[in-house]
Amino acid sequence: MKVGGSIMKMDWFTGMEPAGTINYKKQLLLNDNEIAQITSRHMARYDELQRQFLSKYSLTKLDLSILLFTAALQCLRWAIITNDSGRFSQASDADREVAKLGEYLPADVETLLSDHTVPYDAVVQSERFKSIYPEFSTGVAGTNHRYTTLGHDPLAGWIFGTANIATNTLSVNKMSELFPSYHIRNQQFYAKTTLPQIMTWSANLLTDKPEVLGVSFLKQAVHYGTDVFTKQGLPIPVINTVSPEVSAFLIGNRIDLYSVTRGIALTMLINKLVEMFHRLFFNPSQDDKRLYEIRTRKIIMYSNTLSSLINAGYVGVTGNLKRLDVGGMLVTLWRILTDERAIRRLEIEFIEKTLDGELQKEEDEINQRLANYGFRI
């Protein structure tokens with residue numbers, strides 16, 4: 001076999017190299033000490049690249065100024081717009097605002113909207129109900145019906161509230177008692193029924209009179225639209241189903257679907273405006289687009305975190321839960337999870353790309369040296 005212009009003889013029968021032949025394979029093997037040294041150099045280079053990456057997207061003075069301004073905007077948002085801001089005093093006030101739309105709607109829809117009552121708003125027992133079930137308490141009252149009835153649940157209500165409207169029934173949000181349900185007449189409790197029976201009737205209506213369920217669904221949407229802006233509001237989904245007691249506590253402090261979604265929407269709006277504003281200072285000749293994006297993410301993430309910490313501190317000191325910025329805190333948590341993941345992904349890409357480039361350069365140099373000695377790879 002010819003290697004680099006010299007002849008290396010091999011015993012083809014035994015597959016062993018003759019005595020006196022240089023064992024290149026053994027020379028290429030590394031001992032433990034050499035492996036440790038190479039690993040140490042590699043890790044040192046990795047740490048160096050990590051420091052380089054951190055320095056490349058570190059915030060500038062301008063970035064820090066925008067960060068503080070953004071945090072101030074977020075704090076100003078929850079300081080001015082509290083959880084009980086922008087609400088109707090009574091549900092009837094919201095109903096009257098919706099009723100003003102009637103003159104612009106078709107006659108059949110106008111008729112639908114003219115009656116804003118829904119069966120799951122009932123709180124009074126009829127004389128018949130009292131005579132059949134003496135000393136029985138439904139557990140539903142004017143002060144708690146928003147979180148004790150399934151029809152008011154922002155998620156479950158789309159199904160069960162629609163079914164209640166279509167069948168003129170009310171279902172109580174008590175999972176431990178398999179959701180007790182009642183017939184409603186003239187907005188009063190009339191008789192007992194069951195949730196499976198209500199769903200069976202609704203399924204029959206879907207087959208025989210689908211327009212009834214369609215109108216009921218629309219009425220459910222309208223009722224959501226009026227209740228969400230009232231002082232009692234609508235409970236937060238999932239929490240209300242798992243624990244109506246927690247929903248009662250939260251609603252009592254105006255922490256409901258309206259205040260939380262409004263906080264989320266306003267926080268995200270400010271974040272988007274700041275993101276667009278920061279992009280105005282991007283310089284293609286000096287800044288790497290992806291690294292600049294990291295700086296933008298850090299500005300928003302840090303400013304949101306600062307605002308949430310200040311809000312939590314303020315509520316902790318004053319005990320005023322009506323100023324607890326739950327929506328903003330949810331956005332902050334989401335930003336931390338997503339932005340940190342994105343930054344970590346770009347960091348790994350930067351380090352791997354740099355190391356791959358350096359290894360490729362070393363490989364090219366070795367191949368060139370081998371070519372000079374007559375080896376062909």
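The values are calculated or read from the model by the stated rules, or taken from the named source; none is laboratory data. Here the structure is a predicted model, which is why all the values come from computation and not from measurement. Positions of Cβ are generated from backbone atoms using ideal geometry, with glycine treated the same way; all protein chains shown enter the neighbour counts. Quick note on the areas: whole protein, heavy atoms, side chains included, nothing else; ligands and nucleic acids left out. Shrake-Rupley method; radii C 1.70, N 1.55, O 1.52, S 1.80 Å.
Out of all the residues in the stretch 217-225, is one or more touching a residue at least 24 places away in the same chain (Cβ under 8 Å), open to solvent by 60 Å² or more (accessible area, probe 1.4 Å), within 23 Å of residue 169 (Cα to Cα) and assigned to a helix (DSSP H, G or I)? So far as the stretch 217-225 goes, yes, one or more of its residues are touching a residue at least 24 places away in the same chain (Cβ under 8 Å), open to solvent by 60 Å² or more (accessible area, probe 1.4 Å), within 23 Å of residue 169 (Cα to Cα) and assigned to a helix (DSSP H, G or I).
Taking the stated definitions as given, is residue 204 assigned to a helix (DSSP H, G or I) and crowded, with 20+ Cβ neighbours inside 10 Å?
Values: assigned to a helix (DSSP H, G or I): yes; crowded, with 20+ Cβ neighbours inside 10 Å: no.
It is false that residue 204 is assigned to a helix (DSSP H, G or I) and crowded, with 20+ Cβ neighbours inside 10 Å.
Against the list (1) more than 25 Å from the chain's Cα centre (by Cα); (2) surrounded by 14 or more Cβ atoms within 10 Å (Cβ to Cβ); (3) assigned to a helix (DSSP H, G or I); (4) of a type outside the set (S, T, N, Q), the condition residue 356 fails is (2).
Would you point out which residue out of 313, 252, 328, 319 is small (Gly, Ala, Ser), under 30 Å from residue 84 (Cα atoms) and buried (at least 19 other Cβ atoms within 10 Å of the Cβ)?
328
Residues that are within 20 Å of residue 139 (Cβ to Cβ), under 33 Å from the mean Cα position of the chain (by Cα) and basic (Lys, Arg): does the stretch 169-177 have at least one? Explain how you work it out, then say what you get.
Of the stretch 169-177, the ones within 20 Å of residue 139 (Cβ to Cβ) are 169-177.
Narrowing further to those that are under 33 Å from the mean Cα position of the chain (by Cα): 170-177.
Restricting the remaining residues to those that are basic (Lys, Arg) gives 174.
So far as the stretch 169-177 goes, yes, one or more of its residues are within 20 Å of residue 139 (Cβ to Cβ), under 33 Å from the mean Cα position of the chain (by Cα) and basic (Lys, Arg).
Residues checked against (1) at pLDDT 90 or above; (2) more than 21 Å from residue 185 (Cα to Cα); (3) of a type in the set (Asp, Glu); (4) open to solvent by less than 20 Å² (accessible area, probe 1.4 Å):
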{"residue": "81", "(1), (2), (3), (4)": "no, yes, no, no"}
{"residue": "100", "(1), (2), (3), (4)": "no, yes, no, no"}
{"residue": "109", "(1), (2), (3), (4)": "no, yes, no, no"}
{"residue": "129", "(1), (2), (3), (4)": "yes, no, no, yes"}
{"residue": "132", "(1), (2), (3), (4)": "yes, no, no, no"}
{"residue": "139", "(1), (2), (3), (4)": "no, no, no, no"}
{"residue": "142", "(1), (2), (3), (4)": "no, no, no, no"}
{"residue": "160", "(1), (2), (3), (4)": "yes, no, no, no"}
{"residue": "169", "(1), (2), (3), (4)": "yes, no, no, yes"}
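Of the residues that make up the stretch 301-322, is at least one within 12 Å of residue 271 (Cα to Cα) and over 19 Å from the mean Cα position of the chain (by Cα)? No. Restricting attention to the stretch 174-196, the residues being surrounded by 14 or more Cβ atoms within 10 Å (Cβ to Cβ) and part of a helix (DSSP H, G or I) number 1.
Among the residues making up the stretch 227-241, a single one is surrounded by fewer than 20 Cβ atoms within 10 Å (Cβ to Cβ), assigned to a helix (DSSP H, G or I) and touching a residue at least 12 places away in the same chain (Cβ under 8 Å): 241. Residues in the stretch 218-271 that are of a type in the set (Phe, Trp, Tyr) and under 21 Å from residue 119 (Cα atoms) were compared, and the one that is modelled with the lowest pLDDT is 229.
Please determine whether any residue of the stretch 287-308 is touching a residue at least 24 places away in the same chain (Cβ under 8 Å) and closer than 16 Å to residue 81 by Cα. Yes, the stretch 287-308 contains at least one residue that is touching a residue at least 24 places away in the same chain (Cβ under 8 Å) and closer than 16 Å to residue 81 by Cα.
Filter the stretch 275-286 for residues that are open to solvent by 10 Å² or more (accessible area, probe 1.4 Å) and in contact (Cβ under 8 Å) with a residue 24 or more places away in the chain and give the result. Working first, answer last.
Quick first cut of the stretch 275-286, residues open to solvent by 10 Å² or more (accessible area, probe 1.4 Å) only: 275-277, 279-286.
Result: 275, 277, 281.
From the list 59, 113, 68, 76, the lone residue that is at pLDDT below 90 and either within 28 Å of residue 264 (Cβ to Cβ) or among the basic types (Lys, Arg) (or both) is 59.
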